[in-house]
Amino acid sequence: MKIGGLRIAGLGSIFMQRVWKPDEQPKWKTKKEWLASQPRVKKIPLHMDNAIWHHEFEAMKKIRADILVTHEAPSCYKFGFKAIDVLAESLGVKHVFHGHHHVYYRDQLPNGIDVTGVAIGGVTNLAGEQLMKR
């Protein structure tokens, strides 16, 4: 998506062990494979459909963006994931904004990409400055 001349990519959802957790092999290569293994199920349940699936994550690496907005945190946060760092670098972003942990902070990845954790109900500007907090 392009807003104000900036290319913005978004990755919602969370890593789920039963689908795929970074640094582990995916449990299922694709959603289709999972469905094929569940003969009585016609569609993926919402709680699993909203997971980050490895094949979708890998496909996302092929796009270009200036900003990455995620639910999960990159590795600079204590509960973050190196996989988000790798995705950000693949996209060529300059800044990652994430939620999930409800803590406002600013940091930088080892590769120089800026990171902003947005607090619950918080609002930040493109520079990562907190404008409003709950």
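The values are calculated or read from the model by the stated rules, or taken from the named source; none is laboratory data. Treat the numbers as computed from the prediction; the structure is a model and nothing was measured. With ideal geometry, Cβ positions are generated from the backbone for all residues, glycine too; neighbour counts draw on all protein chains shown. Side chains are part of the model used for accessible areas, which takes the heavy atoms of the whole protein and leaves out ligands, DNA and RNA. Shrake-Rupley method; radii C 1.70, N 1.55, O 1.52, S 1.80 Å.
Is it the case that ASP23 is acidic (Asp, Glu), closer than 28 Å to LYS2 by Cβ and more than 13 Å from the chain's Cα centre (by Cα)? Quick ask: steps written out before the conclusion?
On the way: acidic (Asp, Glu): yes; closer than 28 Å to LYS2 by Cβ: no; more than 13 Å from the chain's Cα centre (by Cα): yes.
When the stated conditions are applied, ASP23 does not pass them.
Answer yes or no: is there a residue in segment 63-74 that is loosely packed, with under 11 Cβ neighbours inside 10 Å and either more than 28 Å from TYR105 (Cβ to Cβ) or modelled with pLDDT under 95 (or both). Spell out the reasoning first.
Let us first name the residues in segment 63-74 that are loosely packed, with under 11 Cβ neighbours inside 10 Å, namely 64.
Remaining after also requiring either more than 28 Å from TYR105 (Cβ to Cβ) or modelled with pLDDT under 95 (or both): none.
So far as segment 63-74 goes, no, none of its residues is loosely packed, with under 11 Cβ neighbours inside 10 Å and either more than 28 Å from TYR105 (Cβ to Cβ) or modelled with pLDDT under 95 (or both).
Any residue in segment 35-51 that's free of Cβ contacts under 8 Å to residues at least 24 places away in the same chain: show its pairings with residues that are surrounded by 10 or more Cβ atoms within 10 Å (Cβ to Cβ) at Cβ separation under 6 Å, as long as the two are six or more apart or on different chains.
Final answer for the pair search is ILE44/LYS31.
Considering only segment 25-40, state which residues are assigned to a loop (DSSP other than H, G, I, E, B) and surrounded by 11 or more Cβ atoms within 10 Å (Cβ to Cβ).
In the first step, residues of segment 25-40 are kept if they are assigned to a loop (DSSP other than H, G, I, E, B); the result is 25-30, 37-40.
Selection gives PRO26, LYS27, TRP28, LYS29, THR30, GLN38.
Which of (1) open to solvent by less than 80 Å² (accessible area, probe 1.4 Å); (2) among the polar types (S, T, N, Q); (3) in contact (Cβ under 8 Å) with a residue 12 or more places away in the chain is the odd one out, the single condition GLN108 does not satisfy?
All conditions are met except number (1).
Go through segment 101-134 and count every residue that is closer than 27 Å to MET16 by Cβ and in contact with an Asp or Glu (Cβ under 6 Å, 6 or more places away or on another chain).
Of the residues in segment 101-134, 3 are closer than 27 Å to MET16 by Cβ and in contact with an Asp or Glu (Cβ under 6 Å, 6 or more places away or on another chain).
Could you check segment 114-134 and list, in sequence order, the residues that are exposed (fewer than 12 other Cβ atoms within 10 Å of the Cβ) and under 21 Å from ARG7 (Cβ atoms)? Write out each step before concluding.
Taking segment 114-134 first, the residues exposed (fewer than 12 other Cβ atoms within 10 Å of the Cβ) are 121, 125, 127, 129, 131-132, 134.
ASN125, ALA127 - these are the residues of segment 114-134 that are exposed (fewer than 12 other Cβ atoms within 10 Å of the Cβ) and under 21 Å from ARG7 (Cβ atoms).
Considering (1) within 16 Å of the chain's Cα centre (by Cα); (2) over 14 Å from LEU11 (Cα atoms), say which one LEU68 fails and leave the rest.
Unmet condition: (2).
Filter segment 51-62 down to residues that are under 16 Å from GLN25 (Cα atoms) and either of a type in the set (Phe, Trp, Tyr) or surrounded by fewer than 17 Cβ atoms within 10 Å (Cβ to Cβ) (or both), then give me how many there are. Spell out how you get there, then give the answer.
Filtering segment 51-62 down to residues under 16 Å from GLN25 (Cα atoms) leaves 51-58.
Next, only the ones that are either of a type in the set (Phe, Trp, Tyr) or surrounded by fewer than 17 Cβ atoms within 10 Å (Cβ to Cβ) (or both) stay: 53, 55-58.
The qualifying residues number 5.
Take HIS55 and decide whether it is farther than 21 Å from LYS2 by Cβ, more than 12 Å from the chain's Cα centre (by Cα) and assigned to a helix (DSSP H, G or I). Give the steps one after another, and end with the answer.
Working: farther than 21 Å from LYS2 by Cβ: yes; more than 12 Å from the chain's Cα centre (by Cα): yes; assigned to a helix (DSSP H, G or I): yes.
Taking the combined requirement at face value, the residue satisfies it.
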